[in-house]
Amino acid sequence: MRIGILGTGNVGRALAAGWVRAGHDIVLGSRRPEDPELLTELRELLDAGVRVGDPAAAATHAEVLVNATPGTASVPLLESVGASALEGKVLLDVAVGFLEDESLSHPVVSLGEEIQRAFPGTRVVKTLCTVDRVVMVAPHSLEGPSTLFLSGDDDAAKETVSGLLRDLGWPQDSLLDLGGIATARGQEHFALLFIGIALSTKTFGFGIRVVRPAAT
C-alpha cells in the first residue's frame, strides 16, 4: 500500500520503519525535504527505500495518509495541503496536542474530530495515540497482550487501518473499535493518564489492556 506520513519526528520515523519492513511504499512529508541535516538523520530509512518529499507530495502519493505532526499544528498543515488532495483518502491520525502548560490543546472536541470537521470528504481514523513510538511498532515488546483503539465514522477506513496495525504486529484481538470519531476524545485524554503512569513506572514502554468480565 502507498502510505504518506506527515511528520519526520520520532513517531513518523518509527511508523515508516515498521511499515517499510512490512513491504509498504512510504513517503515522508516534511516542510524541509531537502535539508541535508534531515536527510542525514533519515539515512537508514532512505536506505530501506523510504522517500522524502513535501507534505503535498506525501498526500499525493498516499492511499493512506498518516498525521504524525504535533497536534497543535496538524490542522493548519493539512489546510496547506488542501481539501482536494485529501478528498476520499483514509487519514490515520496519531497526534495529540499539548499546550505549554502541558494541558491538552483539544480539551472538549478532539483533534480527530476537528480534522474530520475541517475535511468532511476525508475518512479519519484515530488510533495509536495511547502507546509510545516503540510499542506502536513492537507490541511484542510488552510482557503480555495490550489493547489498541480505533475511532472513526467510516467502517471501511477502520478496516484498512486495522490491516496496517496488524502489519505492525498488533493481533486482531488486540484491536478495539470504539465507534465514531467522537470517541477519539477518550483516546486523546488518555494522554494525561499515560504521562502519570510513565512518571510512576519510569518507562514509556507500556500498554493497557481491556479486561472483560469472566464468563459465568
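The values are calculated or read from the model by the stated rules, or taken from the named source; none is laboratory data. Here the structure is a predicted model, which means the values were calculated and not measured. Neighbour counts are summed over all protein chains in view; Cβ atoms, including those assigned to glycine, are modelled from backbone coordinates with ideal geometry. SASA here: full protein model, heavy atoms, side chains in, ligands and nucleic acids out. Shrake-Rupley method; radii C 1.70, N 1.55, O 1.52, S 1.80 Å.
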From phi via Karplus (6.51, -1.76, 1.60), per-residue ³J(HN,Hα) for region 186-197 in Hz, x at Gly/Pro: x, 4, 5, 5, 4, 3, 5, 5, 4, 5, x, 5
Stretch gain in nm, segment VAL210-ARG32, where the contour uses 0.36 nm per residue and the Cα spacing is subtracted: 60.0 nm
The chain - percent of accessible surface contributed by carbon and sulfur, probe 1.4 Å: 54
Per-residue [θ]222 nm for the chain (sum of -39500 (n - 2.57) over DSSP H runs n ≥ 4, rounded to 500): -11000 deg cm²/dmol
Evaluated at q = 0.11, 0.14, 0.25 Å⁻¹: base-10 log I(q)/I(0), Debye formula over Cα of region 138-216: -0.34, -0.55, -1.28
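Within a Cβ distance under 15 Å of ARG185, other residues only, what is the Lys/Arg minus Asp/Glu net charge?
Spelling it out: positives minus negatives among the neighbours equals -3.
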Set of lysines near LYS202 by C-alpha distance (under 27 Å), chain-local residues within fewer than 8 positions excluded: LYS126
Share, in percent, of DSSP beta bridges within the chain that are antiparallel, nearest 5: 10
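Find, among the GluC sites (Glu not before Pro) in region 129-196, those assigned to loop by DSSP (not H, G, I, E, B) with at most 10 other beta-carbon atoms within 10 angstrom. Before the final figure, lay out the partial values.
Working: sites: GLU143, GLU159, GLU188; in loops: GLU143.
Sparse-neighbourhood loop GluC sites (Glu not before Pro): GLU143.
Using a 10 Å Cβ count of at most 15 others and DSSP loop calls, identify the longest part of the chain lacking such trypsin sites (Lys or Arg not before Pro).
On the way: sites that count: ARG31, LYS202, ARG209.
Looking at the chain, 32-201 is the longest stretch - no exposed trypsin sites (Lys or Arg not before Pro) with at most 15 other Cβ atoms within 10 Å.
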Rounded if a/c under 1.5, otherwise prolate or oblate - region 92-195, Cα gyration tensor axes: oblate
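For region 9-113, which GluC sites (Glu not before Pro) pass both filters: DSSP loop (anything but H, G, I, E, B) and at most 12 other C-beta atoms within 10 Å?
GLU34, GLU87, GLU100, GLU102
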Table column - 3J(HN,Hα) (Hz), region 146-154, Karplus curve with 6.51, -1.76, 1.60, x for Gly and Pro: 10, 9, 10, 10, 10, 10, x, 8, 10
Prolate/oblate/rounded label for region 65-115 (Cα gyration tensor, a/c 1.5): prolate
Cβ-derived FRET efficiency at R0 25 Å, LEU193 paired with ARG117, nearest 0.05: 0.45
Mean-position separation - Cα centroids, region 94-120 and region 152-216, in angstrom: 17
Fluctuation leader among LEU65, LEU128, LEU192 - the chain, Gaussian network, Cα springs under 10 angstrom: LEU192
Tensor-based shape of region 8-61 (alpha-carbon gyration tensor, a/c under 1.5 rounded, otherwise prolate or oblate): oblate
Degrees, to the nearest 10: 155-167 long Cα axis against longest axis of the chain: 90
Nearest 10 degrees, 0 to 90: helix 10-21 Cα axis against the chain principal axis: 80
